[in-house]
Amino acid sequence: MNFAVLQFPASNCDQDALHALRDVLGHSARYVWHKETSLDDADALIVPGGFSYGDYLRCGAIARFSPVMQALQQFATNGGLVLGICNGFQVLCEAGLLPGALIRNRSLQFRCEHIFLKTLTTESPFTNRIPEGNLLKIPIAHGEGCYFADEDTLNKLKANNQILWQYCNAQGEVTEQSNPNGSLWNIAGICDERRNVAGLMPHPERACEAILGSADGSLIFESLIHALKSAAVAKAA
């Protein structure tokens, strides 16, 4: 599979994403600079974490105007799989590809720690290889990770099974204490209605090897790879 990893000025998790996809999982992956206007033969697109454009104005607010975003929009419209991680999640929300917004952590503190994620559905290209009831231990590193949306949007996300992950404790309980940033409904990640665009604040690319403290993040990438392979087999049939 061919992965494209976007690079904006001040992206800082692009190398981690490339390493996880290419060196750990063994797939083709390349960088795509924000001024490029084509994704070429990419099978899936990763919008990585960092501080695109220094997080001026709002996180992701300037990146959404980069030339490559037109190609990203068309790729998503055509059904391409797109995963936004941390700042990438913020960029996708700013671009209107995902509903809601990421705002300042309720504590007003930058949070950098391992957290637990509860997967609410395996019926998505980003969660299909995560065993039922299996909690994911994945790190976060953000100051603006509080997911916010109006009540109608939240209800729609729930009704359409678009909430992919919630923050929880080590026992799988979704509690206020397990919520690191104040996100409404403990939301850590969502997908769009068509289920081909997703975003999450935690960093799965930093949890793909046991030496890093957890390899749980690889399940998210393995889900994406499985979805791509399944689509390729269906297309060839």
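Just so it is clear, none of the values below were taken in a lab; they were calculated from the coordinates. Since the structure is predicted, the reported quantities are computational estimates derived from the model, not experimental observations. Counting neighbours? That spans all protein chains shown, and the Cβs are built from the backbone with ideal geometry, glycine included.
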task = Scan the chain and report its longest stretch carrying no trypsin sites (Lys or Arg not before Pro) that are both in a DSSP loop and have at most 13 other Cβ atoms within 10 Å.
result = 107-193
note = With Cα springs under 10 Å, the Gaussian network model of the chain assigns the largest mean-square fluctuation among Gly189, Gly26, Gly100 to Gly26
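What percent does the relative contact order of the chain come to when contacts are Cα pairs within less than 8 Å and at least six residues apart? Write down the numbers at each step before the final one.
Details: 538 pairs, mean separation 46.5, N = 237.
With pairs under 8 Å counted, the relative contact order is 20 percent.
Could you please rank Ile187, Ile115, placing first whichever residue has the fewest other Cβ atoms within 10 Å of its Cβ?
The fewest-first ordering by Cβ neighbours comes to Ile115, Ile187.
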task = Go ahead and estimate [θ] at 222 nm for the chain from helices alone: -39,500 (n - 2.57) per DSSP H run with n ≥ 4, summed, over the residue count, rounded to 500.
result = -6500 deg cm²/dmol
remark   = Listed with the fewest Cβ neighbours within 10 Å leading, Asp16, Asp23, Asp152 appear as Asp152, Asp23, Asp16
task = Give the long-range amide H neighbours of Phe51: residues separated by 5 or more places, or on another chain, with amide H under 5 Å away, using H modelled in the peptide plane at 1.01 Å from N.
result = Ser11, Asn12
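Percent of alpha carbon pairs in the chain separated by more than 22 Å?
Numbers: 13099 of 27966 pairs.
Beyond 22 Å sits 47 percent of the P(r) for the chain.
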